[in-house]
1. For region 178-205, enumerate the residues that are outside any helix (DSSP H, G or I) and over 30 Å from SER136 (Cβ atoms).
2. Which residues, taken from region 46-55, are farther than 18 Å from ALA73 by Cβ and either crowded, with 17+ Cβ neighbours inside 10 Å or under 19 Å from the mean Cα position of the chain (by Cα) (or both)?
3. Go through region 15-27 and report how many residues are at pLDDT below 95 and either touching a His at 6+ places or on another chain (Cβ under 9 Å) or among the hydrophobic types (A, V, I, L, M, F, W, C) (or both).
4. Can you confirm whether region 123-135 contains a residue that is surrounded by 15 or more Cβ atoms within 10 Å (Cβ to Cβ) and in contact with a Pro (Cβ under 7 Å, 6 or more places away or on another chain)?
5. Test THR166 against the stated conditions and say whether it is surrounded by fewer than 10 Cβ atoms within 10 Å (Cβ to Cβ) and either among the hydroxyl-bearing types (Ser, Thr, Tyr) or touching a Gly at 6+ places or on another chain (Cβ under 8 Å) (or both).
Amino acid sequence: MNTPLFEKYPDGLVPAIVQHATTGQVLMLGYMNQAAWQQTQQTKLVTFYSRSRQAIWVKGESSGNFLHLDSMATDCDRDALLVQALPAGPVCHTGDDTCFGTTGQTGYYFLSVLEQLIAARKEQMPEGSYTTSLFSKGIGKIAQKVGEEAVELVIEALGNDDQLFTNEAADLVFHLLILLQAKGSSLSAIAAHLSERHTAATGNH
């Protein structure tokens, strides 16, 4: 990215919209000058320019809730930045997940939160955790659990108890997420593969 992007504004500050790299949720809006942009690229920690303090600041430098850079891009007019990042904790100073009063821990977004939690369990292997026990038993046991949960879901699908069906579907998704981690895969990889299939299928018509 070259200097003219920042020269479009008299103060050299470009609006930077931060988006969750996995879920796509908008997290916050900040401003970058060229120095902040360069520091973000070098450190991989999202860095802004504070208009009130007139200084460079790293998001999370006091709270520890850093934004880990995934990618950056400009809009079509090259007068705004889209920053995709993975948050290390709540993004807003109020403690909310985003600066727009929304939470990333409900609905579809919670799948990303759960996936990150499972990944942390795999890395840290805390004692007393059910997830840790599955990782300890190996891929065979994890795959077996996915199979068992799939069978139980099929059984409930043939019944009339919607709550039991939902419970079994949740169990299957949970154990599938564990299996994906055990295989070094992710929801993002699966989504990308489904997207490729869709593109190929629609391109053939």
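1. ASN204, HIS205
2. Within region 46-55, the first condition is being farther than 18 Å from ALA73 by Cβ, and the residues that meet it are 49-55.
Within region 46-55, TYR49 is the sole residue that qualifies.
3. So the count comes out to 3.
4. Yes.
5. Numbers: surrounded by fewer than 10 Cβ atoms within 10 Å (Cβ to Cβ): no; either among the hydroxyl-bearing types (Ser, Thr, Tyr) or touching a Gly at 6+ places or on another chain (Cβ under 8 Å) (or both): yes.
Against the criterion (surrounded by fewer than 10 Cβ atoms within 10 Å (Cβ to Cβ) and either among the hydroxyl-bearing types (Ser, Thr, Tyr) or touching a Gly at 6+ places or on another chain (Cβ under 8 Å) (or both)), THR166 does not qualify.
The values are calculated or read from the model by the stated rules, or taken from the named source; none is laboratory data. Nothing here was measured: the structure is a model prediction, and the numbers come from that model. Don't worry about glycine lacking a Cβ; one is built from the backbone with ideal geometry, like all the others, and counts go over all protein chains shown.
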